[in-house]
Each structure stands twice: as structure tokens, then as C-alpha cells.
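Everything below concerns the one structure shown next.
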């Protein structure tokens, strides 16, 4: 028996290397990181959904990038690449539990990003469809409801540290896939994260979720 009844993933950093695309469009890793951090600040503070592309454009302007950068991101969206182990890990997990993705972008960009994974998901929730941005509860709750399992039986795989508080606030255990080695942040709110683990790859999920061999 699996340790959880479902696994839900952050899409754009948990499963996809979106960092490389942002950096390339911005002209380098330093500019890309500034742009991405400002975008994350705006997105996670937005609450109710407003067009994702607006937040991308606002964050570009705030960090001194041209408006053309904001337009390049959706235009080059299909260049997103999954982390190397994603396919193997997801295929094995899918044999045992349903899988979901919960992502802070528009519905059309969410569908395009899921296509880049090359695996199917039982549930896919965009911020646009939920009406709210993470880490507000509605996107996580919508995924949980469509999965049809209690929150404490869902393992959420965070790509951003913001997801730790967001998912655990609903009672989900959280695994932080901290691929690029971001610093551990100060507590975002009063939520007590149920952190099941932190690693720079998805391989530890196999031991966290799947039953041990007899």
C-alpha cells in the first residue's frame, strides 16, 4: 500500500526547468533571477487571479527589463523542459497513485506546460481555473477535491518554498523539490509545514510514496 493516496506537483518548477527559459530571455542568470523573484513576489501576493501575463510584464518592468521580455515568455513557452528524471518517476508513481499538478499560470499555458512533461495527469489545476493564485487555499483545495482524497492523504511536491505553507495549511504533507538550492526562507505565515523531505531531485519520492518491496 502506498504511503499516500495521491501526489500533487507544482508544475513550473517542481517538474519543469522554467529557470533556464526565464534566464535566457532575460539575458543571463542574474537578470533572470531578479525577474523571477519579483514575479514570484507579485504572484504569491496577488490572491485572486488576474491575468498571468500581466504579472510577468509588471515584474519585467520592475526589474529593468524591456516589455519585449514579457512577450517572449509565452511565445517560447514550449521550450520548457522537464527535469531529467521526471518521466521515469511519474510513470512509476502513476502505477500506484493518481497524480495532479497545481500551477500559477493561465489555463492555456498550463495545458501547454503539461504537454511538455509527456505524461498524463488525473487532475490539472491552473490559477486561472481556480480563480486564485497559490499559496491561497483554492488551487490546492480544487485539486484535492477533484482527486477525491482527504488532504492528509495527499503529498504535495513543492517547487517553490511558498507552496510549503500553502499546501500544508490544508493539511497536506509537503516534499520540497529545491532543485536550484534556494535558501530556506523565513516562515511565510503561521502555518506549520508538514515537510516530508527536501531534496534537489525527485528520486526521493520513490521511497516516500511507494511501498517497500517484500
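The values are calculated or read from the model by the stated rules, or taken from the named source; none is laboratory data. Every value quoted in this text rests on a predicted model; they were computed, and no experiment measured them. Glycine gets a Cβ as well: all are built from the backbone with ideal geometry, and neighbour counts include every protein chain shown.
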Looking only at region 35-46, and only at residues there that are closer than 12 Å to residue 104 by Cβ and in contact (Cβ under 8 Å) with a residue 24 or more places away in the chain, the one that is surrounded by the most Cβ atoms within 10 Å (Cβ to Cβ): 43
Matching residues in region 1-28 - criterion: being part of a loop (DSSP other than H, G, I, E, B) and out of contact with any helix residue (DSSP H, G or I) (no Cβ under 6 Å at 6 or more places or on another chain): 1, 13, 14, 17, 27, 28
Some residue of region 104-114 being more than 18 Å from residue 51 (Cα to Cα) and within 16 Å of the chain's Cα centre (by Cα): yes
Subset of region 87-105 that is in contact with a strand residue (DSSP E or B) (Cβ under 8 Å, 6 or more places away or on another chain) and in a helix (DSSP H, G or I) - its residue that is surrounded by the fewest Cβ atoms within 10 Å (Cβ to Cβ): 90
Selection count where residues are touching a helix residue (DSSP H, G or I) at 6+ places or on another chain (Cβ under 7 Å) and part of a helix (DSSP H, G or I), scope region 117-167: 14
Residue identified as farther than 16 Å from residue 160 by Cα and modelled with pLDDT of 85 or more among 174, 209: 209
